[in-house]
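In what follows, a single structure is set out as C-alpha cells and then discussed.
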Amino acid sequence: MQPRCIKFARTSHQNGVGVVEVLVALVVVSLGVLGMASLQLTGMQQSTGAYNRAKALLYAETMATRMRTNRPAIDSFLFDGFNSDDLNCNAAPVPYCQASVTGTAQSCTAAELAMFDLANVACGDWGGGVADDGVVGSLPNGQLVVTCDAAPCTSASTYTINVSWTEGQRTTSDMNDTVMRRVQLRMRP
C-alpha cells in the first residue's frame, strides 16, 4: 500500500492592511484625541474657577483688614449696606487717602477713609491714573457687598463680606448659561 498524499488547499497570504482596519484604527484614535481635548477643556475651566475663588477670598480678606484698621468707621456703621453696584468705578475716590506714583496721600477722616477703602477694594487702586485689580474689574460680573448682621447694628455686631461673580455653567449645553459663585466672610471687628 502506498501512502496517500493529502493535498491542502493553498491559502493566500494577505499583503498589507485592509481599508476596514485603517478606518477602525482611525475611529479609535479620533475618540482618544476627543477625550483628551475634553479633559483639557475641563481642566482649564476648573483652573479658572479656582483662580477666581482665590481672588475673591483675597478681596474679602483685604476688605476685612481695612475695616478692622478703621474702628471709628465701624463704630459709626459706615461700612453697613455697601454694594459695589451703586459705585462709579470710572472716577477715582476723592480725597485719595493713600500715597501713589501720582502723588502723596491726602489727609482723610474716618468716613472718607471708609469710602476710600470700599472703593479701592471694589474698583481697584487708582494710583496709576486708572483703576485696576478690583472686584468689579478682575472678576466676571464681580460684586462686593458689606452688611451688618444685626438690626440695629451695634459696634459689637458682626459683618458679612460677600464677593460674588459669575462662571459658565458646565452642566448644560447652553453656552450662555451661567452660575453665580460667592465667597462669604463673616467678621467681628
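Observations on the structure shown:
- Qualifying positions in the range 85-127 - aromatic (Phe, Trp, Tyr) and in a helix (DSSP H, G or I): Phe116
- Which listed residue is more than 25 Å from the chain's Cα centre (by Cα) and either at pLDDT 90 or above or exposed (fewer than 12 other Cβ atoms within 10 Å of the Cβ) (or both), from Leu58, Leu41, Leu78: Leu78
- Selection of first residues in the range 148-166 that are among the aliphatic types (A, V, I, L, M) and of second residues that are surrounded by 15 or more Cβ atoms within 10 Å (Cβ to Cβ) and assigned to a strand (DSSP E or B), restricted to Cβ pairs under 6 Å at least 6 apart or on distinct chains, gives the following pairs, ordered by first then second residue: Ile161/Val146; Ile161/Leu185; Val163/Leu144; Val163/Val183.
Residues are listed down the side, and each one gets a yes or a no for (1) under 20 Å from the mean Cα position of the chain (by Cα); (2) surrounded by fewer than 19 Cβ atoms within 10 Å (Cβ to Cβ); (3) within 30 Å of Gln46 (Cβ to Cβ); (4) modelled with pLDDT under 90:
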{"position": "Ala99", "(1), (2), (3), (4)": "no, yes, no, yes"}
{"position": "Thr102", "(1), (2), (3), (4)": "no, yes, no, yes"}
{"position": "Ala105", "(1), (2), (3), (4)": "no, yes, no, yes"}
{"position": "Gly128", "(1), (2), (3), (4)": "no, yes, no, yes"}
{"position": "Ala131", "(1), (2), (3), (4)": "yes, no, yes, yes"}
{"position": "Val135", "(1), (2), (3), (4)": "yes, no, yes, no"}
{"position": "Asp149", "(1), (2), (3), (4)": "no, yes, no, no"}
{"position": "Thr166", "(1), (2), (3), (4)": "yes, yes, yes, no"}
{"position": "Thr172", "(1), (2), (3), (4)": "yes, yes, yes, yes"}
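- Residue under evaluation Asp80, criteria (1) within 21 Å of Trp126 (Cβ to Cβ); (2) touching a Ser or Thr at 6+ places or on another chain (Cβ under 8 Å), criterion not met: (1)
The values are calculated or read from the model by the stated rules, or taken from the named source; none is laboratory data. Here the structure is a predicted model, which is why all the values come from computation and not from measurement. Methodologically, a virtual Cβ is constructed for each residue, glycine included, from the backbone with ideal geometry; neighbour enumeration extends over all protein chains shown.
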